[in-house]
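Below is one structure; the comments refer to it alone.
The values are calculated or read from the model by the stated rules, or taken from the named source; none is laboratory data. Everything quoted here is computed from the prediction, not taken from an experiment. Cβ: placed from backbone, ideal geometry, glycine included. Neighbour counts: every protein chain shown. Quick note on the areas: whole protein, heavy atoms, side chains included, nothing else; ligands and nucleic acids left out. Shrake-Rupley method; radii C 1.70, N 1.55, O 1.52, S 1.80 Å.
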Amino acid sequence: VVEEAGRWLVRERPTDRPWILIVNIKQPHPPWTPPRALWEFYDPLVRFEDLDERYTEDLSRLHPFHRVFTQYTCSDLATPEELRRGMVGYHGTCEMADRNVGRVLRALDEAGIREETLVVYSSDHGGSVGAHFNSGMGTMYEDSIRVPLIVAGPDIRSGAVESTPVSHLDLYQTFCEALWLPSTERMRGVSLLALLRGEPGAARPPFAASEYHGPGLPGSTFAIRSGPYKYVECAGER
């Protein structure tokens, strides 16, 4: 995927109109099987005793809704050493993803368009890697729903950190504004372009929403995040 993306950027991208390219890098999706060199680098660095209470809490403390999910992923059966090894593999696989991102950025440099291109780095969901007895995603814990979002490009503030919770819904509106395309009223979200540029009075999304309707849970679950607060609702539960 990355090789094809680099070839397109250098040789095939349009030069007479705006364009958008989405590069989907599968890592760090399971299985977490990095090359041996990466495994051996992270193995001594990851120690179970350094992990916080999310990895050592009692299963009975979990909300009943999420307790079911631990059984679906078999995470309730994992030993501390298996959990640690999973995290070793996860770190190594994350570095594989980072290296692939670097290959895409080098292709932008080779094409001579790094400074004029809006680059957005994000993920479709988080990876719990054993936190709250969850080895996947699907819950409304931050480990599952919080994702990275790094943006660089023309007029974008460099090195700034924005604390306002935003979501993927806002990216659609951001891309529309960046490409001078009209937005459709039926699409939610707020363009982040002015916020990214540090413009005074820039619009901020009032909330970030997340929801899950997939396998492993008894029903749907939802979360609304606004500022430092998050409200979670599990269908049919307290």
Practice problem: Give the residue from 218, 86, 111 lying farthest towards the positive end of the charge dipole for the chain; charges sit on Cβ (+1 for Lys and Arg, -1 for Asp and Glu) and the dipole is referred to the Cα centre. | Solution: 111
Self-check item: Helix 168-178 vs. the chain, principal-axis angle (Cα, 0 to 90°, nearest 10)
Solution: 10 degrees
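How much of the accessible area of the chain, probe 1.4 Å, is carbon plus sulfur, in whole percent? Write out the running numbers ahead of the final one.
On the way: 8030 of 14970 Å².
Carbon with sulfur: 54 percent of the solvent-accessible area.
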Self-check item: Extended-chain gain in nm, criterion 0.36 nm per residue less alpha-carbon gap, residue 49 and residue 213
Solution: 55.6 nm
Quiz item: Farthest toward the dipole's positive end in region 109-187, which of 174, 164, 151, given Cβ charges of +1 (Lys, Arg) and -1 (Asp, Glu) about the Cα centre?
Solution: 164
Exercise. Take the alpha carbon gyration tensor of region 90-216, find the square roots of its eigenvalues, order them as a ≥ b ≥ c, and report rounded if a/c is under 1.5; if not, report prolate when a/b exceeds b/c, else oblate.
Key: oblate
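Please return the longest stretch of the chain lacking exposed loop sites, where GluC sites (Glu not before Pro) count only if DSSP places them in a loop and at most 16 other Cβ atoms lie within 10 Å.
For GluC sites (Glu not before Pro) (loop position, at most 16 other Cβ atoms within 10 Å), the longest site-free span of the chain is 58-161.
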Practice problem: For n ≥ 4 DSSP H runs only, could you compute -39500 (n - 2.57) per run for the chain, divide by its residues and tell me the 222 nm figure to the nearest 500? | Solution: -9500 deg cm²/dmol
Quiz item: When the chain is fully extended, how far beyond the present Cα-Cα distance does residue 188 get from residue 164, taking 0.36 nm per residue of separation?
Solution: 7.0 nm
Self-check item: Separation in nanometres of the label points that stand 7 Å from Cα toward Cβ, at residue 4 and residue 57
Solution: 4.1 nm
Quiz prompt | Top of 22, 150, 113 by mean-square fluctuation, Gaussian network on the chain, Cα under 10 Å | solution = 22
Quiz item: Looking only at 122, 220, 60, which one moves most when the chain is put into a Gaussian network model with springs between Cα atoms under 10 Å?
Solution: 60
Quiz item: Classify the chain: rounded, prolate or oblate, from the alpha-carbon gyration tensor (a ≥ b ≥ c, eigenvalue square roots; a/c under 1.5 rounded; otherwise prolate if a/b is larger than b/c)?
Solution: oblate
Self-check item: Rounded to 10°, Cα long-axis angle of helix 80-111 versus longest principal axis of the chain
Solution: 0 degrees
Practice problem: Quick one: P(r) of region 158-238 from all Cα-Cα pairs, 5 Å bins, percents rounded to integers, in order of increasing distance. | Solution: 3, 13, 19, 20, 17, 13, 8, 5, 2, 0
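Could you state the accessible area per residue of the chain in Å², with a 1.4 Å probe and every protein chain left in place? Intermediate results must be reported in sequence, preceding the final value.
Working: 14970 Å² over 238 residues.
Each residue of the chain exposes 63 Å² on average to a 1.4 Å probe.
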